[in-house]
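Read the structure below first, then the notes.
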Amino acid sequence: MRITTVGCGYLGAVYAASMASIGHEVLGLDVDQKKIDDLNQGVAPFHEPGFSAVLEEALGSGRLRFSTDYSDAADYSAHVICVGTPQQIDAAGADLTYVHAAVDSLVPHLADDAVVLGRSTVPVGTAASLRERLREAGKDTPLAWNPEFLREGFAVEDTLRPDRIVYGLPDDPAEAARAREVLDLMYAPMLEADTPLVVGNYATAELVKVSANSFLATKISFINAVAEVCEATGADVSVIAEAIGLDDRIGPKFLRAGIGFGGGCLPKDIRAFMARAGELGVTEALGFLREVDNVNNRRRDHVVNMARQELGGTFTGKRVAVLGASFKPDSDDTRQSPALYIASKISGRGADVVVTDPAANTRVHAERPNLAVAEDAYAAAAGADIVLLLTEWKQFKELDPVRLREVVATPTMIDGRNVLDPAAWREAGWTYRSMGRP
């Protein structure tokens, strides 16, 4: 098939290269000329394992190219909206500016047989409004919603081998049939591999994505709330998580207590979900998500307070090493990063903070010039009065506690992700504290 992806950020670029890798001819469209130039040269604008190889292979095959000229889309029959939907600056709801702009930019160039597909995460009701937007522009183009479920660090894998595919089809039978025909062709290799397919209407497909993210956020905040109780009682949250995770109704995933979730999806999606529920007159239905958000934010401040206690009640004049800046490992994404929040807050309270991250150092230097950046954990910890492990990179989980102790001023470690062996670190002479464990 001939496909365009509108928006070549994290979602769109990975999708474009991955779809080209399975044989489709793909045109990536974006308004950012530098990003387009980089992608055409095989330069990935973000860190994502496996993406550079897929991008290079797809470009080399001749099936993938990128452009800022929307008129190039005229010869393509499937247009996939992959733009961002960030939180509004002055409200909790999603900002649909980029989604509307994507549709408006496509309208003059839509072929008679074209289909528009949405993958962006949007509030329920958006797809129906976009269909109406197309009709008002004089286009009978079918529109369907096909939400994405990418995990940063596994985005290529999740695109090529998804654990499910969801179609949100229009009510009109003829439009639905045309949209499904296109979707089935696009995902033929995945469907032939027996990937589960779920088909519903617009609203269902829109709610699937935000429901999934809200559930994951709830599970994370639940175990972090339990960790707060554990710290007040001497219980061990890691043992509790192991025990309840053995219940197949609950499962072990997302039950590791820590400093909470971040990134460009979960925080803004649960807020947008709550905001949309309020607009629909069902605020109470999602009221629990407000506490999910509160627990998540509280864990960040808890680590700040824990560090201050270990430093004798003040950050002034202290050197603090922060291991991790991205919101999760195998990513350079620092959006809503708990690690970066904690580092900045401690810096603002008078500490000399040095941050290191295997992928996000450049972003930290650009976004938070008040924070010093070090090449690796040992350089960051040199002369430190306390070390905070805040992103669970493999490089940090495998640190040698004996070697690290040789470079710090005071061997105090706060393991914000509960990934280190407490016994090994204490045996090496460290004061070791973690989340919800004695």
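Every read-out reported here was derived from the displayed coordinates using simple, explicitly stated rules and does not represent laboratory data. What you see is a predicted model; the values in this text were computed from it and never measured. For neighbour counting, all protein chains shown are included, and Cβ atoms are generated from backbone atoms with ideal geometry for every residue, glycine included.
Quick notes on this structure:
- Computed magnitude of the charge dipole of the chain (debye, nearest 20; Cβ of K, R +1, Cβ of D, E -1): 1360
- Options Pro422, Leu134, Val208, ranked by Cα towards positive dipole end of the chain, top entry (Cβ charges): Pro422
- Label point at Leu280 placed 7 Å out along Cα→Cβ; residues across region 212-236 whose backbone nitrogen lies under 13 Å: 212
- Residues Asp163 and Arg403, FRET efficiency given R0 of 60 Å [Cβ-Cβ distance, rounded to 0.05]: 0.90
- In the list (1) 22.1, 68; (2) 23.4, 72; (3) 20.9, 65, the label attached to Rg and Dmax of the Cα atoms in Å as derived from the coordinates here is (2).
- Protection-proxy order for peptides 103-109, 23-29, each taking the mean of Cβ atoms within 10 Å per residue, highest first: 23-29, 103-109
- Förster-model FRET efficiency, 56 Å R0, Asp421 and Ser61, C-beta, rounded to 0.05: 0.75
- Rounded to whole Hz, the Karplus (6.51, -1.76, 1.60) HN-Hα couplings of region 388-396, x for glycine and proline: 10, 9, 10, 10, 7, 5, 4, 4, 7
- Taking 18 Å as the straight-line reach from the Cα of Lys219, the aspartates and glutamates in range (excluding those fewer than 8 positions away in the same chain) are Glu228, Asp236, Glu242, Asp247, Asp248, Asp269, Glu291, Asp293.
- Seen from Tyr98, the other residues with C-beta closer than 12 Å to its C-beta sum to a net charge of -4, counting Lys and Arg as +1 and Asp and Glu as -1.
- Computed E for Asp171/Val198 - FRET, C-beta separation, R0 22 angstrom, nearest 0.05: 0.80
- For region 62-140 versus region 383-431, the gap between their alpha-carbon centres in whole angstrom: 47
- Cross-link pairs exceeding 23 Å between alpha carbons, from the set Lys318/Lys394; Lys209/Lys268; Lys318/Lys345: Lys318/Lys394.
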